[in-house]
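Only one structure is covered here, and it is reproduced in the block below.
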Amino acid sequence: MDEHLALKIFAGLAAIASIWLDFRPNKRKQNADPAIAEADERERHSWRYPRWAVRTIQILLGVWLLWQVVRFILIFP
């Protein structure tokens, strides 16, 4: 019985860490050279849709994983 409790605690902590790492803000450093900063901005703008798709998949999988962990914690004897 104690091994199940330890496993549930570990699963809960892993879920919390995963959510915290997924939703923390990304900090971008602005380059001092204006030409490079503008090129970086253009590249980020051109990749916005693939980044949105990856982020959507990441959020959906995170919600699914969280649901699985909650079910494990509440249902597993």
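The values are calculated or read from the model by the stated rules, or taken from the named source; none is laboratory data. Quick caveat, the model's predicted, so the values are computed rather than measured. We place every Cβ from the backbone using ideal geometry, glycine too, and count neighbours over all the protein chains shown. Side chains are part of the model used for accessible areas, which takes the heavy atoms of the whole protein and leaves out ligands, DNA and RNA. Shrake-Rupley method; radii C 1.70, N 1.55, O 1.52, S 1.80 Å.
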task = Those residues that are of a type in the set (K, R) and closer than 30 Å to W64 by Cβ, I need them from the range 22-45; list them, please.
result = R24, K27, R28, R44
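For the range 1-21, what are the residues that are among the aliphatic types (A, V, I, L, M) and over 13 Å from L66 (Cα atoms)?
Within the range 1-21, M1, L5, A6, L7, I9, L21 qualify.
Working only within the range 62-77, note down all residues that are surrounded by 12 or more Cβ atoms within 10 Å (Cβ to Cβ) and either closer than 19 Å to R24 by Cα or in contact with a strand residue (DSSP E or B) (Cβ under 8 Å, 6 or more places away or on another chain) (or both).
Residues satisfying the conditions are G62, L65, L66.
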note = Restricting the range 14-35 to residues that are open to solvent by less than 100 Å² (accessible area, probe 1.4 Å) and of a type in the set (S, T, N, Q), the one nearest to F72 (Cα to Cα) turns out to be S18
message = Condition first: surrounded by fewer than 12 Cβ atoms within 10 Å (Cβ to Cβ) and among the polar types (S, T, N, Q). Can you find one or more residues in the range 36-52 that meet it?
response = yes
request  = Go through the range 46-77 and give me each residue that's among the β-branched types (V, I, T) and more than 30 Å from E3 (Cβ to Cβ).
outcome  = V54, T56, I57, I59
